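The values are calculated or read from the model by the stated rules, or taken from the named source; none is laboratory data. Only a predicted model underlies this, so the values are computations on that prediction, with no experimental measurement involved. Positions of Cβ are generated from backbone atoms using ideal geometry, with glycine treated the same way; all protein chains shown enter the neighbour counts.
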Amino acid sequence: MAVAAQSFDVEPVFDVELLGIQKQPSPPPAPADVAEPPQDAEVTRLIEAAMQSPTSFNIQHWRFVVVRDPELRKQIRAVGNDQAQMTDASLLVLFTADKDAWKKSPERYWENAPEEVADLLVNWMGPFHEGREWLQRDEAER
């Protein structure tokens with residue numbers, strides 16, 4: 001049975017220009033008025049917001065490392081394809097991932113859930129991840 005093609009008038013979900021997403025290989029340099037390093041409270045707020053992002057099984061595989069030391073930033077730049085943002089940005093936060101986080105006391109992710117829910121999810125974590133290195137990597141990088 002053939003299905004007739006239909007066209008739909010669909011409004012975009014988001015405005016690419018509004019989000020500041022442009023067709024360029026890397027973000028533009030920060031304007032002079034943003035070159036001042038953010039205050040600790042601002043950095044904390046940014047990281048706390050990032051920590052609210054959803055993850056598989058609520059594992060939250062990521063770790064955030066705020067790099068303030070100029071010499072360390074130079075070293076990171078040297079191994080980061082000499083990208084100027086590594087040293088010139090007002091804030092450098094490294095996002096790392098722990099691919100094995102699912103193995104490390106998985107019950108801690110669900111300690112506030114009802115016991116039957118926690119047991120179910122904790123018992124699913126091993127079979128879901130074991131022997132699937134590609135999945136462990138993908139889940140940690142989301």
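Could you name every one of the helices (runs of 4 or more DSSP H) located completely within the stretch 65-142 that has at least 1 residues being modelled with pLDDT of 90 or more, more than 30 Å from PRO38 (Cα to Cα) and touching a helix residue (DSSP H, G or I) at 6+ places or on another chain (Cβ under 9 Å)?
Output list reads 115-129.
Return the residues of the stretch 73-93 that are aliphatic (A, V, I, L, M) and surrounded by 12 or more Cβ atoms within 10 Å (Cβ to Cβ); say none if nothing qualifies.
Selection gives ILE76, MET86, ALA89, LEU91, LEU92, VAL93.
Of the residues that make up the stretch 43-54, is at least one farther than 21 Å from GLU141 by Cα and aliphatic (A, V, I, L, M)? Looking for residues that are farther than 21 Å from GLU141 by Cα and aliphatic (A, V, I, L, M), one finds at least one in the stretch 43-54, hence yes. Restricting the stretch 22-50 to residues that are hydrophobic (A, V, I, L, M, F, W, C) and at pLDDT below 85 leaves a set whose member that is surrounded by the most Cβ atoms within 10 Å (Cβ to Cβ) is ALA30.
Could you list, in sequence order, the residues of the stretch 96-125 that are of a type outside the set (Asp, Glu), touching a Lys or Arg at 6+ places or on another chain (Cβ under 8 Å) and surrounded by 11 or more Cβ atoms within 10 Å (Cβ to Cβ)? Step through it out loud before you land on a result.
Going through the stretch 96-125, the residues of a type outside the set (Asp, Glu) turn out to be 96-97, 99, 101-106, 108-110, 112-114, 117-118, 120-125.
Those still in the list that are touching a Lys or Arg at 6+ places or on another chain (Cβ under 8 Å) too: 96-97, 99.
ALA97, LYS99 - these are the residues of the stretch 96-125 that are of a type outside the set (Asp, Glu), touching a Lys or Arg at 6+ places or on another chain (Cβ under 8 Å) and surrounded by 11 or more Cβ atoms within 10 Å (Cβ to Cβ).
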